[in-house]
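Bear in mind these aren't lab numbers, they're just calculated from the coordinates by the rules spelled out. Note that the structure is a prediction, hence the values are computed from the model and not measured. Please note: Cβ atoms are built from the backbone with ideal geometry, for glycine as well, and neighbour counts cover all protein chains shown.
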Amino acid sequence: MKNQRASRIWPVLKYGAALCGLIVLALALIGAGRAEPEPEVVDPEELELEGVQLRLGVETGHALGDPIKPYVEEWEEMTGASVEITEIPFAEIYPRFMTSFHAGTDDFDVVIILPTWLGDMSQFLVPLDDLIEGDDMAAWDDVLPICQDIVTWQDETLIMPLDCDLFMSFYNRTAFLDDDHRAAFQDIYGYELAPPETWDQYYDIAEYFTEEDPDLYGAMESMSRGTQTFWTGLSRMVGYVSQGEPGALFFDPEDMTPLINSPGHVRALEEWVRVVDVGAPDILEFDVGDIREQFPLNTGALALDWASIGFIPTDRENQELIGFNPIPGPTEVYDHDTGQWIELDEPNRVPYMAALGWGAAIPVTSNEQEAAWQLIRYLSSPEISLKLVSMRDNYDPATGYQPFRYSHFENVDGWVESEWDRDRAEEYLEATFESLTADFVKPDLRIPGAFEYLDELDAGLTAALAGEMEPQEALDEVAERWDAITNRKGRDVQLQMYRESIGLD
Amino acid sequence: MQKTALTRRTLLLPAVVILLGLSIFPLLFSLALSFGDWGLGRGVPYEWRGLSNYAALLADGRYRNAAFNTVLYVVITVSVQYILGLALAWGLFLRPPGGRIFRVFFIFPMMLAPVAVGYMWRLMFQSRIGAANFFLAALGFEPVRWLSARWFAMSVVMMAEIWQWTPFMFLFLYAALMNVPTSPIDAALVDGASGFQVFRHIVLPMLMPISIAVIMLRAVEAVKILDTVYVITHGGPGNTTESLTMYGYNVGLQYFNLGYAAAIAYTLLLVVVAIAVPVIIFIKKEVSYT
């Protein structure tokens, strides 16, 4: 009986073992194939994508949607594919993409997103490492290391950079070179009128122009709710609380206690609230779009923004108007460990990578991932991205794309070809490169729920700026809500993600 | 007889299925969601949390602020809409010259999309280039920061709401006025009653059922105010002008905290039911033309 059963089972086992062997062999071959990818470098003109339709989601308007259109059209002509561009306002772009990702709907083949959202979006995006490796057109080694780091999440590259963001300050060079203003300013404040190095100088200059020049507003900054005001706030706060050490701006890296209501943060906000009285009369309603439209019209003395308004005017004339200056800093920094203020010999000008920089990613739901990658590598390629960041074919008042490749900084001729004055291009590129390669450059928040944390900060900052709350009260409330978010999402998980994101683990 | 009942039920079945699918299921699903959390699309299963979402609401200052704002929006805008709507309806009821043209003009705002209305009012009250400060300056007043101070910003939102939805009140009240029986009015006038007395003691009581109905309808709609707040103030400065629906929208579709958003939505539903049910009962039992 036993033998009979064994004789029946044996053929099953025999064929089963053979089948398992075949499966293991196939998997091993597939695994071996994956381990050594064969990079495929294809010129877009040789691609056969006739009839392929891609859907690309991007922020609407001058800064991001419009500048890429000429190059997307160029790619369409070369490949025969078509690209349907969906433009979405900034306040809606994160929820729009996340709703699509959460629902698992195949709405986009390419999304242009911010790395600060990777904590929430990473699981919905295709890792690009295998595609990037060895791809001459993607030219990964040409991307600055800091701009590589920010698009990497848990050892996977999920975004191909189109931009690397840095917050800057700007000054009206024409007004600053005016002899009458220089003399008057010297008389009143006792020092020379020059691009501000400290926040005190920034305030003095804004106050001077508000009171002495009826044609110029003292300062222009984003201060209204829902318009990225929190990034202006963090760019101001960073110098008060950090000399570049990790974990001083957002949370205590030991236990995720919010640091946002520390004396350093509060003093930064108090200083910022004072600017309301020396800014444009409607500064509390300003968003970055207002700054980019008004400042190049010679209406302001100082402004804070990404490098977007430091760019050339739409008519390529009078490029001397806008002066470019790294962000000012305070002369004291708050030490979280000792609870003391440290006096410094030099202003603490910490470059802040607000928003980190827009880049292109592929959702896992896309059915056209290969074609999507072909479009992305084309847009990010050294040749096309140089045109993008130098506004070669862009005659709008601003662009949201800033240089992120070594070749962007080395090829000044390329900027001159985009009708930049050589001196202006060199000044801009030198200052940007120095900031992006500084040891103490400060990246933005990159953990799950970053959008929610920053939105709560936006509420606190705008309430204080409008005088609805005292700075300390507003930031205490933000800290309380940050704690609630951390608790809801799981303190241990958030702590681990935070430490990874700032390079501590 | 049995066959007829079966046929009737069979014919009703598609409607019942659609109702269950589109209305009852989402209602029950969101009720279940409000007692837990669900990581939609992230592979995180539904997690039962009992009353914790509702308990958290009680301790949530942003929720209380949004609820308070919503009450203000509803009470003030609906009251003003009713008074203005009634005044306009009474004015046209008296058949002034050009009344027909006004009747058409009065209902235009209601036909616009709330988002468009929001942008229009935001532009009018923009501090630097808006018409409001232009006229204030012409009269010698200092410019006002309409959109960046809580009470001014809320008043702009309320004005936009009142402008858009007063026509709704007007339309219903005017139609009701046109159907009011004239004999009691004629009798009162013959007895020497003044115009105000006729309005106060005869017309207004006869308009009571329709008044309660339109106030209730508008209140239920006004509780859901979102578009105008979103466009005009984005809830700011801070969250000071945020409404309950806007908070729910932020929590659900911006922060993706679906359970908590469902709890917010259910508290809103309770408020709507609390407004609607007594009024419906009142209309059914107490009020009649006779």
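Some notes on this structure:
- Highest-MSF residue in chain B out of B:Met246, B:Met206, B:Met158 [GNM, Cα springs under 10 Å]: B:Met206
- Taken along the Cα-to-beta-carbon direction at a fixed 7 Å, the label points for A:Tyr191 and B:Trp48 span 6.6 nm.
- For chain A, calculated [θ]222 nm from helices alone, where every DSSP H run of n ≥ 4 adds -39500 (n - 2.57): -14000 deg cm²/dmol
- Taking Lys and Arg as +1 and Asp and Glu as -1, the other residues whose beta-carbon sits under 13 Å from that of A:Trp117 total -3.
- With both residues required to sit in chain A, DSSP beta bridges show an antiparallel share near 60%.
- What the Cα atoms of the stretch B:144-290 give is an Rg and a Dmax of 20.6, 67 Å.
- Structural descriptor for chain B: relative contact order 26 percent, calculated from alpha carbon pairs under 8 angstrom and at least 6 residues apart.
- Each label was represented as a point 7 Å from its Cα along the Cα-to-Cβ direction; for A:Glu473 and A:Glu156 these points are 4.6 nm apart.
- Whole-angstrom gap from the stretch B:66-91 to the stretch A:447-470, using each part's C-alpha centre: 31
- Reported value for the stretch A:240-305: 120 Å³ per residue, from the convex hull of its C-alpha atoms.
- Largest to smallest principal axis extent of the C-alpha atoms in the stretch A:120-236, angstrom: 62, 33, 22
- Based on every Cα atom in the stretch A:180-282, Rg and the maximum pairwise Cα distance Dmax equal 16.2, 55 Å.
- Free of any chymotrypsin sites (Phe, Trp or Tyr not before Pro) that DSSP assigns to a loop and that have at most 14 other C-beta atoms within 10 Å, the longest stretch within chain B is B:142-288.
- Under 15 Å of direct C-alpha separation, and excluding same-chain neighbours fewer than eight residues apart, A:Lys442 reaches these aspartates and glutamates: A:Asp149, A:Asp165, A:Glu245, A:Glu434, A:Glu500.
- When the Gaussian network model of chain B links Cα atoms closer than 10 Å, the mean-square fluctuations of B:Ala187, B:Ala219, B:Ala87 top out at B:Ala187.
- Gap separating the Cα centres of the stretch A:89-157 and the stretch A:310-376, nearest whole Å: 18
- Kirkwood-based Rg to Rh ratio, the stretch A:142-195, C-alpha trace: 1.40
- Placing dummy labels 7 Å off each Cα toward the beta-carbon, the span from A:Asp178 to A:Arg274 is 2.4 nm.
- Principal axis extents of the Cα atoms in the stretch B:80-159, from largest to smallest and rounded to whole angstrom, are 41, 30, 20.
- Remark: C-alpha extents of the stretch A:83-186 on the principal axes read 63, 34, 28 Å, sorted largest to smallest.
- Kirkwood Rh in Å, taken over chain B so that all alpha-carbon pairs contribute: 22.4
- Counting Lys and Arg as +1 and Asp and Glu as -1 over every other residue whose Cβ lies under 12 Å from the Cβ of A:Pro161, the net charge comes to -2.
- Averaging 1/r over every pair of different alpha carbons in the protein assembly as shown and inverting the result gives a Kirkwood radius of 30.2 Å.
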